[in-house]
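The values are calculated or read from the model by the stated rules, or taken from the named source; none is laboratory data. Remember, predicted model here, so these are calculated numbers, not experimental data. Neighbour counts are summed over all protein chains in view; Cβ atoms, including those assigned to glycine, are modelled from backbone coordinates with ideal geometry. SASA here: full protein model, heavy atoms, side chains in, ligands and nucleic acids out. Shrake-Rupley method; radii C 1.70, N 1.55, O 1.52, S 1.80 Å.
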Amino acid sequence: MRIILVTGTGGAGRTTVATATALAEAHAGRRVLLVPGDTEPERTGPAADAAAAAGPGTLTVLRPDPAADFRREFLALQARSGTVLDLLGASPFEDAELTELPGSRPFALLRAVRQAAAGDHDLAVVDLPPLHEALGLLALPAQLRRYLRRLLPPERQAARALRPMLAQLAGVPMPAQWLYETTARWERELAAVQAVLEAPGTTVRLVVEPGPAAAATLRDARLGLALQGLALDAVIANRLLPAASEDPWLAALTTQQHRHLETLRADAGDLLHELPHLGRDPRGPEDLALLAAVRPGLPPVPAPAPAVEDRRAEDGVLVWHLPLPGAVKGELSLVRRGDELLLGAGPFRRTLPLPPALRRCTVTGAGLVDGDLAIRFAPDPGLWPKPS
């Protein structure tokens, strides 16, 4: 299944572009699922217009519901820990008195992405938040899984088999049992979401309005996505003003916009697609059809993957190549901690597990050339197998 994640700068029209993309794919005869970024049901608007005019294919709208997700998760956790709450004399909550807490929306959106991947569709289009918020959202499953493994390592959970016997001996329930069970369930759900995000068919589309911040936004998108191993399959330059105008004010504005557009063309290359300014907010499926920038069925572009180069014969080292397009040497930081590498690039951070061969090596240096971070590792004589 193909999944297209649409993000961009705030106000650049990413929601409209996401909806137009879904409609174009449905018109091409595909079964399409659209996951809007807003969570409030609407009877009118781009998503409703698209769903009503899907054409030969089908277009289904799956709207995240943070409030319902929060109530379901909270009540399930409360039910699992009911014995502990009884011992403490706590009064349980009822469904009607629960309201969602801040921070529940990202989890609802991730759950919708997982649900979309499990559905019977050819394609899912997901309207993500603005770029930096979206990058944080996409990194969330891997980050939370790492935190869970550090706080409750799997080997400690093996002791849960003894909990029922210990509870009988002590005469009271052992509250750690539900904690281990809940942690294991969260781990499974986060792993499923991470697998969807890292699947070869999942790509990201960036929507920008040509202006002073467009080039920096593209650089941040490439760098942040590369850190997470995600592919950028298109850059949408939205709301382009007509090139010829007799109005001096509009002509000057157009000249400035097209100057920034040339910079985008140089940076994005074949990934760049241009959309016109309609002179109004999109109205109905006809306008949406004008804003489908990328032709239906465009094959996904794989993200560049890290690779280990064996240079022991020439230089006595192994080299780990990490693709970091747009990275700046002065904004990089590298810290090795055990079998992990803590990598910082500009405003982004990620913890990468070392490939097995490099865990028996020591870091001897690193260099950045044309977006390729090459980290050199020398085999540790105390850990590396000795030749027979």
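Suppose the chain between Leu101 and Gln115 were pulled fully straight at 0.36 nm per residue; how much longer would it get relative to their current alpha carbon spacing?
2.8 nm
Could you tell me what percent of the accessible area of segment 221-325 is made up of carbon and sulfur, with a 1.4 Å probe and every protein chain present?
About 55 percent, which is the carbon plus sulfur part of the accessible surface.
Assuming R0 = 35 Å, what is the FRET efficiency of Ala231 and Asp380, from their Cβ-Cβ distance, to the nearest 0.05?
For Ala231 and Asp380, the calculated efficiency is 0.50.
Over segment 228-371, consider all pairs of different Cα atoms and compute the Kirkwood hydrodynamic radius from their mean reciprocal separation; express it in Å, one decimal.
19.4
In nanometres, what is the gap between the two model label sites at Asp38 and Ala266, each 7 Å from Cα along Cα-to-Cβ?
Those two pseudo-labels are separated by 3.9 nm.
For Glu309 and Glu274, calculate 0.36 nm times their separation in residues minus their Cα-Cα distance, and state this gained length in nm to one decimal.
8.7 nm
Using the beta-carbon distance between Ser91 and Ser333 and R0 = 56 Å, what value does 1/(1 + (r/R0)^6) give for FRET efficiency, to the nearest 0.05?
The computed FRET efficiency comes out at 0.70.
How do 183-193, 225-235 rank on mean C-beta neighbours within 10 Å, highest first?
The peptides rank, most packed first, as 225-235, 183-193.
Taking 7 Å along the Cα-to-C-beta vector as the label spot, tell me the Ala67-Ala191 distance in nanometres, rounded to one decimal.
Taking the two extended label points, one gets 3.5 nm.
Quick one: Karplus J couplings for segment 187-199, per residue in order, coefficients 6.51, -1.76, 1.60, θ = phi - 60°, nearest Hz, x for Gly and Pro?
4, 5, 5, 5, 5, 5, 5, 4, 5, 5, 5, 8, 5
When Lys and Arg each count +1 and Asp and Glu each count -1, what net charge do the other residues less than 11 Å away from Val235, Cβ to Cβ, add up to?
That works out to -1.
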